[in-house]
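What follows is calculated from the coordinates using simple rules that are stated; it is not laboratory data. Note that the structure is a prediction, hence the values are computed from the model and not measured. Glycine also receives a Cβ, built like all others from the backbone with ideal geometry; neighbour counts cover every protein chain displayed.
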Amino acid sequence: MKLHPTIAAVTSRIQQKSGPTRSAYLQQIVRMSDRAPGAERLGCANVAHAFAGMPVTDKSHAMRIPLVPQRSPNIGIVNAYNDMLSAHTPLGSYPELIKAEARLHGATAQVAGGVPAMCDGVTQGTPGMELSLFSRDVIAMATAVSLSHDVFDAALMLGVCDKIVPGLLIGALHFGHLPTVFVPAGPMPSGLSNSEKAKVREQAAQGLVGREALLDAESKAYHAPGTCTFYGTANSNQMLLEAMGLHVPGTAFVQPGSGLRDALTREAARTVLGVGNPQGCPPIGKVVDERAIVNAMVALLATGGSTNHLIHWIAVARSAGIVIDWDDFAQLSDAVPLLSHVYPNGKADVNQFQAAGGTGFIIRELLDAGFMHEDVLAVRAGGIREFTREPAMDGDRLVWHDSGASKDDTIVRPASAPFTATGGLKLLAGNLGRSVIKVSSIPDDRHIVEAPARVFDSQEALQKAFHAGELDRDVICVVRWQGPQANGMPELHKLTPPLAVLQNKGYKVALVTDGRMSGASGKVPAAIHVSPEALAGGPLARVQDGDVIRLDADAGLLEVAVDAAEWQARPVAQMPDSLRISGGMGLGRELFAGMRRNAITAEEGACTWL
């Protein structure tokens, strides 16, 4: 199938923008790849330290002593395991599976290091959420520390959730000479449906049910090891890794605790070692090129994925010397069809998505319709086409088969009959700055909202006004001082239930903020990531109560109806001292002051390391 002209044009533009930085990055890969293996290059004391903790049977292979003349690759495992996160709990058993599989192929494996992994579901609405975005860069640095011993021939990245996968990917790309495969854990079994959970949350916001009923509903929704079952950032991560060819094909949404999941984990070790691949597993820095980045962007748009990736994938691309921006996302979104409806874009959860066809169906449809590049590298010899197939067990044997037709066209549809002809994300621009909005879950009659503004300096202030009945009207709520420099750009999920209640009463309601909403903004229009942020003197610092704001997702506008001369003459509000103090003190937030000072804009990836 011929590549769609928009995909070709955007890719070409990205390649042109990225020319010097991508070239420098590839030259670095060549320099690193041309060196002798670590165990042969390092001094004897270095080598002895590196492998002192290994079992004796592994050590002789890893050290490549004369008695073992054959080359014995050593895999570095970077593990985000903890048993605080349901999605990461299964990862505790993976290293032993990987080591055992490596031995079968004359190789060794070591846990090179662990990286922190926090749960936004636990920290929503709490001070800990102000560390969330920056935890991505901490994870990237921890990945670099883990691999800095430089005795590895390949790497496996074990991680799943929101900031963890982008952090692991950023870190891995700074070791772009290493073949690298990502290893997920899969979603938890379906519990209370996401729509029922949302209903109870809205009832709680109105005071119709108490804490006991709300806790019961939440516990039935989040109830077992595995990823949360809605299509937020964690599950969007997995879709994008499949589209970039960085998984064992079809691994994303296989539930933990099954024989199939264990087989796929072992297969990850074989894949990174190049077993059965005459060319071997290619270095991750060559797999992740401009075309792979575009494939990931297309997959995000075609599935209505998390808005967080309009920040994270810009940072990921930068790590491989590739320059992308929101204009690239917007142009792709105008061409890419929406092929799936998964909550919050629909009623289905990711287990139902997997049963209906899953990642294999989506990737096949996008490839066959010319919306993805097929001439790309992947961790498997068969390239990205292998990722159109689903894994299964045939007795003790791992096999793959074509995903076939959609099993439920209310969940996934072919490119010839999409849910909508365009993708799930839109760029907004105007005198309030640049912003993004997730439109895939918003009813068509809510794409345009024009109403007076009510300005808040915190999400707590908005909630207080809601409970006082002050927002029972058409209103656009502006929540500022939520950008990366102000307080680390937390997600504002706690605002979804009260705003949904107002919308359900028939009011025209929207949110405008320099903060984040992830993949769970629901059906309320939310212009998020407003850049530049208020603390940097952005336009939100000029907005006053009563200003009429127009949010037009169809036309891509975010404007305030104030005379231009008056607008420019208005003083720029300053972040209240109370927020500066509370937003930077306690629960470890002091340690992140340097990251807040150094953070660049959301549209530039909110990076702290550039």
field: Amide H partners (placed H, <5 Å) of Ala109, local residues excluded
entry: Ile75
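Between His49 and Glu96, what is the FRET efficiency for a Förster distance of 25 Å, r being their Cβ-Cβ separation, to the nearest 0.05? Before the final figure, lay out each step's value.
Details: r = 23 Å, r/R0 = 0.91.
Rounded to the nearest 0.05, the efficiency is 0.65.
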- line: Rounded to whole Å, √(5λ) for the Cα gyration tensor eigenvalues of the chain, largest first, gives 41, 26, 24
query: Relative to the present Cα-Cα distance, how much length would full extension add between Arg35 and Lys2 at 0.36 nm per residue of separation?
result: 7.9 nm
task: Mind giving me the nanometre distance, one decimal, between the label points for Arg597 and Lys407, set 7 Å out from Cα along Cα→Cβ?
output: 5.4
task: Determine which aspartates and glutamates satisfy two conditions relative to Lys197: a Cα distance under 14 Å, and not lying fewer than 8 residues away in the same chain.
output: Glu212, Asp216, Glu218, Asp349
query: When the label point is put 7 Å from the Cα of His223 along its Cα-to-beta-carbon vector, which residues of the stretch 337-377 have a backbone N closer than 20 Å?
result: 343-344, 347-355
field: Antiparallel DSSP beta bridges within the chain, percent to nearest 5
entry: 45
- line: A correct Karplus calculation of ³J(HN,Hα) over the stretch 434-451, with 6.51 cos²θ - 1.76 cosθ + 1.60, θ = phi - 60°, whole Hz and x for Gly and Pro, returns 10, 8, 10, 9, 8, 9, 5, 9, 9, x, 4, 6, 10, 5, 10, 10, 10, 6
Long-range amide H partners of Val548 with built H, under 5 Å: Ala453, Ala561
- prompt: In percent, what relative contact order does the chain have, based on Cα pairs under 8 Å that are 6 or more apart in sequence?
  reply: 14
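Please give the contour-minus-distance gain from Asp396 to Met585: 0.36 nm per residue of separation, less the Cα-Cα distance, rounded to one decimal in nm. Could the numbers behind the result be given before it?
On the way: separation 189, 0.36 × 189 = 68.04 nm, distance 5.43 nm.
Length gained, Asp396 through Met585: 62.6 nm.
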- request: Pop out the ³J(HN,Hα) list for the stretch 542-559 in order, Karplus 6.51 cos²θ - 1.76 cosθ + 1.60 with θ = phi - 60°, rounded to Hz; leave Gly and Pro as x.
  value: 9, 5, 10, 3, x, 4, 7, 10, 10, 10, 10, 6, 6, 8, x, 10, 9, 9
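Under DSSP H, which helices of the chain have Cα atoms covering 30 Å or more of the helix axis and a Kyte-Doolittle average no less than -1.0?
Working: long enough: 5-33 (36 Å, -0.30).
Helices passing the filter in the chain: 5-33.
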